[in-house]
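*Asks:* To start, I am sharing the structure in question, which I have written as structure tokens.
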Protein chains: 4
Amino acid sequence: MSDNSFGKLFSFTSFGESHGPGIGCVGDGAPPRMALCEDMIQPYLDRRRPGQNRFVTQRQEEDRVEILSGVFEGQTTGTPIGLLIRNKDQRSKDYGDIARQFRPGHADYTYQKKYGIRDYRGGGRSSARETAVRVAAGAIADLFLKQALGTSYRVRGGVVQIGPHRINRDNLDWDNCDSNPFFCPDAEAAAAWEGYLDDVRKQGSSAGAILEILADGIPAGLGQPIYGKLDTELSAAMMSINAVKGVEIGSGFAAAAMDGREAGDEMRKGPAFLSNHAGGILGGISTGEQIVVRIAIKPTSSILTKRRSIDEDGNEVELLTKGRHDPCVGIRGVPVAEAMMAITLADQLMRHHAQCGILPTD
Amino acid sequence: MSDNSFGKLFSFTSFGESHGPGIGCVGDGAPPRMALCEDMIQPYLDRRRPGQNRFVTQRQEEDRVEILSGVFEGQTTGTPIGLLIRNKDQRSKDYGDIARQFRPGHADYTYQKKYGIRDYRGGGRSSARETAVRVAAGAIADLFLKQALGTSYRVRGGVVQIGPHRINRDNLDWDNCDSNPFFCPDAEAAAAWEGYLDDVRKQGSSAGAILEILADGIPAGLGQPIYGKLDTELSAAMMSINAVKGVEIGSGFAAAAMDGREAGDEMRKGPAFLSNHAGGILGGISTGEQIVVRIAIKPTSSILTKRRSIDEDGNEVELLTKGRHDPCVGIRGVPVAEAMMAITLADQLMRHHAQCGILPTD
Amino acid sequence: MSDNSFGKLFSFTSFGESHGPGIGCVGDGAPPRMALCEDMIQPYLDRRRPGQNRFVTQRQEEDRVEILSGVFEGQTTGTPIGLLIRNKDQRSKDYGDIARQFRPGHADYTYQKKYGIRDYRGGGRSSARETAVRVAAGAIADLFLKQALGTSYRVRGGVVQIGPHRINRDNLDWDNCDSNPFFCPDAEAAAAWEGYLDDVRKQGSSAGAILEILADGIPAGLGQPIYGKLDTELSAAMMSINAVKGVEIGSGFAAAAMDGREAGDEMRKGPAFLSNHAGGILGGISTGEQIVVRIAIKPTSSILTKRRSIDEDGNEVELLTKGRHDPCVGIRGVPVAEAMMAITLADQLMRHHAQCGILPTD
Amino acid sequence: MSDNSFGKLFSFTSFGESHGPGIGCVGDGAPPRMALCEDMIQPYLDRRRPGQNRFVTQRQEEDRVEILSGVFEGQTTGTPIGLLIRNKDQRSKDYGDIARQFRPGHADYTYQKKYGIRDYRGGGRSSARETAVRVAAGAIADLFLKQALGTSYRVRGGVVQIGPHRINRDNLDWDNCDSNPFFCPDAEAAAAWEGYLDDVRKQGSSAGAILEILADGIPAGLGQPIYGKLDTELSAAMMSINAVKGVEIGSGFAAAAMDGREAGDEMRKGPAFLSNHAGGILGGISTGEQIVVRIAIKPTSSILTKRRSIDEDGNEVELLTKGRHDPCVGIRGVPVAEAMMAITLADQLMRHHAQCGILPTD
């Protein structure tokens, strides 16, 4: 029951710091006899990998995953899957300046207050580097769901807002996400964002983002009321991602302003819903419609602009953060949020199956 | 590890349906030798109680809680605290019409799809009636936190938007919340909302709301990275509340549009933060500043307007929901959200204390 | 994740003290649409009920269970099942003498040391009275397993030793268990035990016992290696029962003295094992053979003989325990141990099904 | 909540197979700022290491542990501690014969039945090789307890019976355990066992054992009634070890035959118990006396004698197991059982502290 675990039946337990020997996890609960090898996980990691274009951190990491256990002759055995990603490009001296100073907006201060010690190199445990582990675990979840739910199943996501600039929903085409450096489903917006983000970086600043993550092909009935609801666990999954400050399902915050005669999605034969304000979840249980989650990610806190802060002794200082940072950490958040969605759904599918699929129905 | 439990060390396990014999919970983990009796829990329940004004359901429930265990001669013993609230005013015939029809926007459909059976009376387990249990458990958490953290500690919340109508932050006075039927911290807004909600009700409709929940006096250091983070668990706590569709911490979704030079809260000696965009949480750990959470609640789905739906056999129907429902379920959500905040904080305080308070520091 | 919960998927969370208003639990995880009502649980409770013959406590309790939730029109709904048994015959004055003294061999001292407070009436939370709750939860588990596994499934147990007197295995007939006051599978031994226990009681003493609990019709494959093994969880289940000091599986302690050429059960076609030293469990997973568990129960510590002890202030005292106590608490342990066996198996069946029954096999 | 995790607050999650790339775990919950490095863990592993004398398996493994995370500049940081031990001497061809045959008494059959697949090399996940991970995690627990409880604290154990040959309690000296290859506290018995075990091995057989594990310096009050009792969790900890078939606390099974006037340990001022039949635990809570646990370990099932079995297709076969096996797997069980004792105590200390040490006492 580690606080570094996620999931009840399909679970993973994560470890590792940004500049330690490596990061990794123990995935548990995957069914036996699923095809699995490093090459099946790697493509997921490659989507999240740093250094791929100028809008993400220039740290160079191969992010090669090694399977340490749980797989035999290309198949899962039902035993825990140890995964390890060695850290390579740990330019620790970049961080020397801030060993004793707290970056505004960063977890430096709170880790120090909580533990009285912190691995300050690259943010240590609080670094977004840990999210590579989630992506690796998410790959297994995604492969499992594909096998369990068939070809109608798909989890995907994209960036729908960077800084104050939203996509135009008329241009929405999720297939665009793989054609631009922002995982943006609106090709026009993506083009405009390039200039915006270049400016942000030149100014030594950073930008926030809003991501939208979708799941199709999810059957009705997933979700464990009332403290293991699907939306409860999805919001926990998303809020656990670095820099996330908000989560909404379906119409989300906009639902507060809706009229009750509009908000409840009507139904017709099929069964089919005539709208999806619910984002595919009612009473914490999936409706069979598309699952829609949006998350807000704050701007990267490590920036090249001088800011006021204090050091470990309480002295007032001014600091700016050198090093290689994402100008918009939200971009690389897309594969991470997709992974957390897949893991949550895999876990919920198993939990539902355990209780509701065990006795024959008439 | 019931899916009807919340909390790891300070936990409660909930049971009960809207129209069954009663609702209740088993609270566990409260320290021994805390003063506790029914009269100390009752005031919390009274704030959430139905039938108190025309803006909430007219169901009449005394909501008298009985302590079944865990208290001896007015003190907690450290053993589990059984709590029971008998249901009284279960006007079941009100619900006869919808026994086989699915209310749009309600959990009727998803419970039926998940379990193949549902207690349709008053929404059964999916009814907001269950939230009385949370308030009772939250009372114990709040009493514990008062004793552990002292007088600077306080959790409170209010409604900051009903339908499209927001409060004016210039009028903000949290002491107003107890002086109007909306738990509204802006007295002017509260006055305006009366007319608005009367209209909504006359139209046979309902309204959504946005709530803001605050915690003061929370020391820095609470939160278990990285899958038991304070914001992770707060968002799970809030999203588990009926009809909640969104959760944000601090600046939340607005943070996405902020410039990185503004978003990270600067610090000075004290230690003191010069702003609180973080909502009191960095890296999933409390900063010592005020904890700020906002949640979006959709309009009540049970309304007196005819809507299109289907029945259990898949036939298309039109239905409207008679019965006594909250025109804005968000209002009574305030004491519930406060309770979930207190429970989450109590649990996190214990988890922090267990690991970081066990060895002497130098 | 209450410490008063047992089970991961099929779970219950218990509350209640010997002389408080009542005892009960929240059962969670039972599949929906199982037939269930109070009358189906009551027979299990009646087997454990006090006051039924002179070899058990003379406390008179009806032990009528009330289902508070989770059942609708005679069927489980998949939501948590609240169960309540009111305490009736709480002759509290019996315990007045020992309010501040610690009975040797009893939990009085340790509860006081742990919590700094204890409900001394009847042993409070440490009383065997709580086991009624386990029997109620076990009834639901047993009914579930009957439906899931069919008629070959059966859990049953008996007393195979009281004090130093063992049964004769040549006389073994498990159907005898319901025909004598000791749940003894050897009718001759049962007859002899009557005189022995009468003597023990006359001397103001008490006797220990060894119980054997069997499960038939359990398919191979149940058990979650390697920290949720079937024998791991069975031993936890058994050791959590009051006064249990030892647990063994199959040949148990005798296996230590066996030759390796004998200990490993050989196999032939069928598949069939030629012996069952393993007690139906290998590597923590069921083999398909009969599950065999034995537990040692110490003599009741509340006896009518004067013994040396101390009081809360550390003063040396001599005390004897009046009140109505089981001369051999092991006897009424049989239905309790059966219940814990059934709950463990139900939980393991679900856990196995969740992981290994979710993908189609070829 | 992986089934490969142990512990609630001080926990570890294990992975790895006998002949895969490596074994390891994620330890979580250790307090920050404890001194820790590989060299502090290694001595614990060295005690369990194979190949050290002729009475244990001749497999040669260095068992060098690598700390992957959670330690910074020689101190724990409070974040999860990743531990990895690479497998070196995997002579896989030894196992080729039994790739499709089930060794009697081994987990081969049950893993195959459960998962439909198994890593047959060296027993895969069911191999005692995994216990190295427990010893590494146990080292951290032991170092923590030393710091938290001081010099009176000590966990140690030994073998008190091999095959039918018990130690003579008159010769008992626990310091002997480090002076013979059996961790035997009776030097005379150890000398006799040499010949016995040589015979057993020559006969191509194996021997069982009984181990006794002791903990001194444990304060009264540890244990979470009633499903997280100290003895409950100790018995789960012990029963999860390979080949263990029985667990007893204090007088254990012998308590069943005791007279009630003897069984309950009397007390005098001190407080001091006049005997310790309870084995240091009453009502699931530590008394302050020595914790005494005994476990029964069956003979190694992989032996050089031909035995009857079946293969994966159900054909009847005769097989004997080549390879390098412990003639008495119980011997190397000592450091493993010590580790599980330390982990359980560390976890219980934290759980107790969380609830009962958080509010000031008067």
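*Asks:* How many residues are in contact (Cβ under 8 Å) with a residue 12 or more places away in the chain, part of a helix (DSSP H, G or I) and open to solvent by 10 Å² or more (accessible area, probe 1.4 Å) when one looks only at the stretch B:199-230? Explain how you work it out, then say what you get.
*Replies:* As a first pass, look at the stretch B:199-230 and keep what is in contact (Cβ under 8 Å) with a residue 12 or more places away in the chain: B:200-201, B:203-226, B:228-230.
Still in the list and also part of a helix (DSSP H, G or I): B:200-201, B:230.
Those left that are additionally open to solvent by 10 Å² or more (accessible area, probe 1.4 Å): B:201.
Adding up the residues that qualify gives 1.
*Asks:* Which one is farthest from the other protein chains (Cβ to nearest Cβ) among residues in the stretch C:35-64 that are touching a helix residue (DSSP H, G or I) at 6+ places or on another chain (Cβ under 6 Å) and either assigned to a loop (DSSP other than H, G, I, E, B) or buried (at least 21 other Cβ atoms within 10 Å of the Cβ) (or both)? Spell out the reasoning first.
*Replies:* Keep residues of the stretch C:35-64 that are touching a helix residue (DSSP H, G or I) at 6+ places or on another chain (Cβ under 6 Å), which gives C:41, C:44-45, C:47-48, C:55, C:63.
Next, from what is left, pick out any that are either assigned to a loop (DSSP other than H, G, I, E, B) or buried (at least 21 other Cβ atoms within 10 Å of the Cβ) (or both): C:41, C:44-45, C:48, C:55, C:63.
Values: C:Ile41: 15, C:Tyr44: 19, C:Leu45: 18, C:Arg48: 16, C:Phe55: 14, C:Asp63: 16 Å.
In this case the residue turns out to be C:Tyr44.
*Asks:* Kindly evaluate C:Phe10 against the criterion of being under 18 Å from the mean Cα position of the chain (by Cα) and closer than 17 Å to C:Leu143 by Cβ. Break it down into steps so the answer makes sense when it comes.
*Replies:* Numbers: under 18 Å from the mean Cα position of the chain (by Cα): yes; closer than 17 Å to C:Leu143 by Cβ: yes.
So C:Phe10 fits the description; yes.
*Asks:* Mind checking whether some residue in the stretch B:142-161 is over 30 Å from B:Ile67 (Cβ atoms) and of a type outside the set (Val, Ile, Thr)? Can you show your working first?
*Replies:* Our first condition is that a residue be over 30 Å from B:Ile67 (Cβ atoms); within the stretch B:142-161, this holds for B:159-161.
Subsequent filtering for residues that are of a type outside the set (Val, Ile, Thr) retains B:161.
Yes.
*Asks:* Quick one: would you say B:Phe144 is touching a helix residue (DSSP H, G or I) at 6+ places or on another chain (Cβ under 7 Å), more than 30 Å from C:Phe72 (Cβ to Cβ), assigned to a loop (DSSP other than H, G, I, E, B) and open to solvent by less than 20 Å² (accessible area, probe 1.4 Å)? Working first, answer last.
*Replies:* Details: touching a helix residue (DSSP H, G or I) at 6+ places or on another chain (Cβ under 7 Å): yes; more than 30 Å from C:Phe72 (Cβ to Cβ): yes; assigned to a loop (DSSP other than H, G, I, E, B): no; open to solvent by less than 20 Å² (accessible area, probe 1.4 Å): yes.
Taking the combined requirement at face value, the residue does not satisfy it.
*Asks:* Report yes if D:Gln75 is within 11 Å of another protein chain (Cβ to nearest Cβ), over 30 Å from D:Gly195 (Cα atoms) and at pLDDT 95 or above, otherwise no. Show your work before the answer.
*Replies:* Details: within 11 Å of another protein chain (Cβ to nearest Cβ): yes; over 30 Å from D:Gly195 (Cα atoms): yes; at pLDDT 95 or above: yes.
Criteria met by D:Gln75.
*Asks:* Further question on the same structure: Just need a number here: residues in the stretch A:70-90 that are on the phi > 0 side of the Ramachandran plot and not charged (D, E, K, R). Working first, answer last.
*Replies:* Of all residues in the stretch A:70-90, those on the phi > 0 side of the Ramachandran plot come to A:70, A:73-74, A:78.
Narrowing the set further to residues that are not charged (D, E, K, R) leaves A:70, A:74, A:78.
The total comes to 3.
*Asks:* Something else about it: How many residues does the stretch A:247-262 contain that are open to solvent by less than 10 Å² (accessible area, probe 1.4 Å) and modelled with pLDDT under 95?
*Replies:* 1
*Asks:* Kindly list, by first and then second residue, each pair from a residue in the stretch C:2-13 that is more than 9 Å from chain D (Cβ to nearest Cβ) and buried (at least 24 other Cβ atoms within 10 Å of the Cβ) to a residue that is assigned to a strand (DSSP E or B) and hydroxyl-bearing (Ser, Thr, Tyr), limited to pairs with Cβ atoms under 6 Å and residues at least 6 apart or on different chains.
*Replies:* C:Ser11/C:Ser5
*Asks:* Being of a type in the set (A, V, I, L, M, F, W, C) and free of Cβ contacts under 8 Å to residues at least 12 places away in the same chain is the filter here; which residues of the stretch C:110-129 pass it?
*Replies:* The one that is of a type in the set (A, V, I, L, M, F, W, C) and free of Cβ contacts under 8 Å to residues at least 12 places away in the same chain: C:Ile117.
*Asks:* Count, please, the residues in the stretch B:18-31 that happen to be open to solvent by less than 10 Å² (accessible area, probe 1.4 Å) and farther than 16 Å from B:Asp347 by Cβ.
*Replies:* Here the count works out to 6.
*Asks:* Specify the residue that is surrounded by the most Cβ atoms within 10 Å (Cβ to Cβ); the eligible residues are those in the stretch C:149-185 that are without any contact (Cβ under 8 Å) to a residue 24 or more places away in the chain and touching a helix residue (DSSP H, G or I) at 6+ places or on another chain (Cβ under 6 Å).
*Replies:* C:Ile167
*Asks:* Which condition from (1) without any contact (Cβ under 8 Å) to a residue 40 or more places away in the chain; (2) open to solvent by less than 20 Å² (accessible area, probe 1.4 Å) is the one that D:Arg134 breaks?
*Replies:* Exception for D:Arg134: condition (1).
*Asks:* Do we have any residue at all in the stretch B:292-306 that's basic (Lys, Arg) and at pLDDT below 95? Walk me through it before giving the result.
*Replies:* In the first step, residues of the stretch B:292-306 are kept if they are basic (Lys, Arg); the result is B:294, B:298, B:306.
From the residues that got through so far, the ones that are at pLDDT below 95 too are B:306.
Yes; the residues of the stretch B:292-306 include at least one that is basic (Lys, Arg) and at pLDDT below 95.
*Asks:* Let me ask something else. Every residue in the stretch B:318-333 that is open to solvent by less than 20 Å² (accessible area, probe 1.4 Å) and over 23 Å from A:Val293 (Cβ atoms), please.
*Replies:* So the first thing to find is which residues in the stretch B:318-333 are open to solvent by less than 20 Å² (accessible area, probe 1.4 Å), and the list is B:319, B:321, B:326-328, B:330-331, B:333.
Once the filter is applied, which keeps residues that are open to solvent by less than 20 Å² (accessible area, probe 1.4 Å) and over 23 Å from A:Val293 (Cβ atoms), the stretch B:318-333 yields B:Leu319, B:Thr321, B:Asp326, B:Pro327, B:Cys328, B:Ile331.
*Asks:* In this structure, does A:Arg118 turn out to be basic (Lys, Arg), open to solvent by 10 Å² or more (accessible area, probe 1.4 Å) and at the interface with another protein chain (Cβ under 7 Å from one of its Cβ atoms)?
*Replies:* Values: basic (Lys, Arg): yes; open to solvent by 10 Å² or more (accessible area, probe 1.4 Å): yes; at the interface with another protein chain (Cβ under 7 Å from one of its Cβ atoms): yes.
For A:Arg118, the condition - basic (Lys, Arg), open to solvent by 10 Å² or more (accessible area, probe 1.4 Å) and at the interface with another protein chain (Cβ under 7 Å from one of its Cβ atoms) - is met.
*Asks:* Residue check, A:Arg59 against (1) within 19 Å of A:Gly138 (Cβ to Cβ); (2) at pLDDT below 95, all met but one. Which one?
*Replies:* Looking at each condition in turn, A:Arg59 falls short on (1).
*Asks:* Still on this model: Which condition number in (1) within 20 Å of D:Glu338 (Cβ to Cβ); (2) away from chain C (no Cβ under 13 Å) is the one that D:Leu211 fails?
*Replies:* Here D:Leu211 clears every test but (2).
*Asks:* Would you check if C:Gly195 is free of Cβ contacts under 8 Å to residues at least 60 places away in the same chain, open to solvent by 10 Å² or more (accessible area, probe 1.4 Å), more than 7 Å from chain D (Cβ to nearest Cβ) and not in a helix (DSSP H, G or I)? Break it down stepwise before answering.
*Replies:* On the way: free of Cβ contacts under 8 Å to residues at least 60 places away in the same chain: yes; open to solvent by 10 Å² or more (accessible area, probe 1.4 Å): yes; more than 7 Å from chain D (Cβ to nearest Cβ): yes; not in a helix (DSSP H, G or I): no.
When the stated conditions are applied, C:Gly195 does not pass them.
*Asks:* Within the stretch D:337-362, how many residues are more than 7 Å from chain B (Cβ to nearest Cβ) and either without any contact (Cβ under 8 Å) to a residue 24 or more places away in the chain or on the phi > 0 side of the Ramachandran plot (or both)?
*Replies:* Within the stretch D:337-362, residues that are more than 7 Å from chain B (Cβ to nearest Cβ) and either without any contact (Cβ under 8 Å) to a residue 24 or more places away in the chain or on the phi > 0 side of the Ramachandran plot (or both) number 4.
*Asks:* Here's a follow-up. Of the conditions (1) within 7 Å of chain A (Cβ to nearest Cβ); (2) open to solvent by 10 Å² or more (accessible area, probe 1.4 Å); (3) within 30 Å of B:Lys8 (Cα to Cα); (4) not aliphatic (A, V, I, L, M), B:Glu266 satisfies every one except a single condition; which number is it?
*Replies:* Among (1) within 7 Å of chain A (Cβ to nearest Cβ); (2) open to solvent by 10 Å² or more (accessible area, probe 1.4 Å); (3) within 30 Å of B:Lys8 (Cα to Cα); (4) not aliphatic (A, V, I, L, M), the lone unmet condition for B:Glu266 is (3).
*Asks:* How many residues does the stretch C:237-259 hold that are touching a strand residue (DSSP E or B) at 6+ places or on another chain (Cβ under 8 Å), aliphatic (A, V, I, L, M) and within 7 Å of another protein chain (Cβ to nearest Cβ)?
*Replies:* Qualifying residue count, the stretch C:237-259: 6.
*Asks:* Which condition number in (1) within 14 Å of chain A (Cβ to nearest Cβ); (2) assigned to a strand (DSSP E or B) is the one that B:Ile85 fails?
*Replies:* Result: B:Ile85 fails condition (1) only.
*Asks:* Follow-up. Does at least one position in the stretch C:100-114 carry a residue that is open to solvent by 10 Å² or more (accessible area, probe 1.4 Å), away from chain D (no Cβ under 13 Å) and part of a helix (DSSP H, G or I)?
*Replies:* For the stretch C:100-114, residues open to solvent by 10 Å² or more (accessible area, probe 1.4 Å), away from chain D (no Cβ under 13 Å) and part of a helix (DSSP H, G or I): absent.
*Asks:* Picking from A:Val292, A:Val336, which residue would you name as being buried (at least 16 other Cβ atoms within 10 Å of the Cβ) and either over 30 Å from A:Tyr109 (Cβ atoms) or touching a strand residue (DSSP E or B) at 6+ places or on another chain (Cβ under 6 Å) (or both)?
*Replies:* Numbers: A:Val336 fails: either over 30 Å from A:Tyr109 (Cβ atoms) or touching a strand residue (DSSP E or B) at 6+ places or on another chain (Cβ under 6 Å) (or both).
That would be A:Val292, the only listed residue that is buried (at least 16 other Cβ atoms within 10 Å of the Cβ) and either over 30 Å from A:Tyr109 (Cβ atoms) or touching a strand residue (DSSP E or B) at 6+ places or on another chain (Cβ under 6 Å) (or both).
The values are calculated or read from the model by the stated rules, or taken from the named source; none is laboratory data. Note that this is a predicted model, so its numbers are computed, not measured. Note that each Cβ is placed from the backbone with ideal geometry, even for glycine, and that neighbours are counted across all protein chains shown. Heads up: the accessible areas ignore ligands, DNA and RNA and are worked out on the full protein's heavy atoms, side chains in. Shrake-Rupley method; radii C 1.70, N 1.55, O 1.52, S 1.80 Å.
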